[in-house]
Every structure is written in C-alpha cells, then in structure tokens.
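All remarks here apply to the structure that follows.
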Amino acid sequence: MEIITFDQPSIIAGFRPVEDADANALFSSELAALGRAVPKVRRQSGAARIVARTLLGKLGFPPIPILKTRAGAPTWPAAIVGSLAHHDTVAAAAVAQTKAIAALGIDIEPNKPLPKNLMELIATPREQHMYDLRLLQRRDLFVLKEAVYKAYSPLFSEFLEFQDVEVDIRSRSAHVRKTNCTFSIELLISENVIGLAYLRAP
C-alpha cells in the first residue's frame, strides 16, 4: 500500500492495486451486505477496505467491518470520517478525525482521457470557459466532483449532479450552489488521478 501525502495534514490516505485474493479480506458482515455482487466488485471492495483498515490502524483502531448506510456511504467508528474509492485495478481510502475534518471524500480514476461526449456533462459552462480543452478532456474535474459528492452526501442526504458542483482548481475549492457550501479540494496526478474534497471542522 502507498500512503498519499496531501497538503491537509489531518487527512491520511492511501491506495493499493486490487488483487485476486482481496475479496478474502471482507468480513462476513461486509460480504452479506454486498449480496450477489460479482467477484470483481468483491475484490475492489475488499481492496478498499484493506486500505481503510490500515489507515484506521494508524489512528489506533483494531480491524473492524466497514459497512454501508442505506444511502451507500461507508460507516466509520465514532469520531472518524472517511471515504472509499476504486477503479478497475486500484483502490483508495482516506480517513480523518472529526475534531479536525467534518466531511471527507476521495475518488480515484486511471490517468486516461475522459470517454468521448462526457465533457459537457461534467463541466459547467463556466468551467468550460475557465479551463483549456486539454484539462477538460482529462478526468480531473470528474474525480474532484465525485470526491465532493462523497463528502457532501452524508451531510445533506441528497444527490448531486455534476452540474451542481463548480470546481476552481486554482483556488483549490469546489462550490455546491444549491446549498451554498464550499469544499476544499486537492488533486494528485500520476498513473492515477486522485481527487480529495473536505470541510474543516468548525
């Protein structure tokens, strides 16, 4: 597992490749919650939880099941906020203590161009004017908006469309207009594109 260093020191994060045996890392309660999920999904879920449990261990927690709420968000120990993510071959997680971070989301995608015809779905008209075509064809805005959604949803219990979130990479912020809520964001680009979104604790 590789630890991710973000500028926000209160957040610890990491990622690892998804391996064939990762489904074996799932607790029985996690397996039950996945129901009839295909083996690929079980492997990805297991890999993300391996990362999350490793990170929680750094905060002093023993290995525990990480289940999901009815809305699909992962559940965390008291006083902890976190997020899980994966694509086909890599899984990631991020955790923090609620005394420092009130909401947290992470997303990861392969460092490849967006599928065709998705740019206008993801980027708002303002973003299409703010950024050059090269950036708009990347997955940067996609992962940042997914991370915002994961941080936002447990707080507001509502779904966000891509057009509901406006990202300003220069100011490292993302604004949700419908609730006038602004998240801090960070973006890491290597073989993967990793987006982080969070709200500091009041």
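Please sort by residue number the trypsin sites (Lys or Arg not before Pro) in region 55-109 whose DSSP state is loop and whose Cβ has at most 15 other Cβ atoms within 10 Å. Hits after loop and neighbour filter: Arg70, Lys99.
With each label modelled as a point 7 angstrom along the Cα→C-beta vector, the Glu120-Ala33 pair spans 3.9 nm.
For region 50-202, a/c is not less than 1.5, where a ≥ b ≥ c are the root eigenvalues of the C-alpha gyration tensor, and a/b tops b/c. That puts it in the prolate class. Counting only alpha carbon atoms, the long axis of helix 140-156 and the longest principal axis of the chain meet at about 60°.
Once R0 is set to 35 Å, what does the formula 1/(1 + (r/R0)^6) return for the Cβ-Cβ distance between Arg70 and Gln137, expressed as a FRET efficiency to the nearest 0.05?
On the way: r = 36 Å, r/R0 = 1.03.
With R0 = 35 Å, the Cβ-Cβ based efficiency is 0.45.
Solvent exposure of Asp20, expressed as accessible area, is near 140 Å², computed with a probe of 1.4 Å over the protein chains only. Put a dot 7 Å past the Cα of Ala78, heading toward its Cβ, do the same for Leu155, and the two dots end up 2.4 nm apart.
When Lys and Arg each count +1 and Asp and Glu each count -1, what net charge do the other residues less than 11 Å away from Pro63, Cβ to Cβ, add up to? Residues close to Pro63 contribute a combined charge of +2.
Taking 27 Å as the cut-off for C-alpha to C-alpha distance, list the pairs among Lys116/Lys150; Lys68/Lys116; Lys68/Lys145; Lys40/Lys178; Lys58/Lys112 that go past it.
Numbers: Lys116/Lys150 24 Å; Lys68/Lys116 32 Å; Lys68/Lys145 21 Å; Lys40/Lys178 36 Å; Lys58/Lys112 32 Å.
Beyond 27 Å between Cα atoms: Lys68/Lys116; Lys40/Lys178; Lys58/Lys112.
Can you give me the relative contact order of region 1-138 as a percent, contacts being Cα pairs under 8 Å and 6 or more apart? Don't skip to the answer; put the middle values down first.
On the way: 220 pairs, mean separation 30.9, N = 138.
About 22 percent, as a whole number.
Which shape class applies to region 34-109: rounded if a/c is under 1.5, otherwise prolate when a/b exceeds b/c and oblate if not, where a ≥ b ≥ c are the square roots of the Cα gyration tensor eigenvalues?
On the way: a/c = 1.67, a/b = 1.63, b/c = 1.02.
Taking the square roots of the gyration eigenvalues as a ≥ b ≥ c, region 34-109 is prolate.
Taking amide H as placed 1.01 Å from N in the peptide plane, Ala103 has its amide H under 5 Å from the amide H of Leu199, each at least 5 places away in sequence or on another chain. From the square roots a ≥ b ≥ c of the eigenvalues of the alpha-carbon gyration tensor of region 73-131, which class results: rounded (a/c under 1.5), prolate (a/b over b/c), or oblate? Verdict is oblate for region 73-131.
Considering only Ile80, Ile185, Ile108, the Gaussian network model of the chain with Cα springs below 10 Å gives its largest mean-square fluctuation to Ile80. Sorted largest first by accessible area at a 1.4 angstrom probe radius, with every protein chain in place, the residues Glu19, Glu186 fall in the order Glu19, Glu186.
The values are calculated or read from the model by the stated rules, or taken from the named source; none is laboratory data. From a predicted model like this one, the values you see are computed outputs, not experimental measurements. Counting neighbours? That spans all protein chains shown, and the Cβs are built from the backbone with ideal geometry, glycine included. Just so you know, the surface numbers come from the protein's heavy atoms only, side chains and all, with ligands and any DNA or RNA stripped out. Shrake-Rupley method; radii C 1.70, N 1.55, O 1.52, S 1.80 Å.
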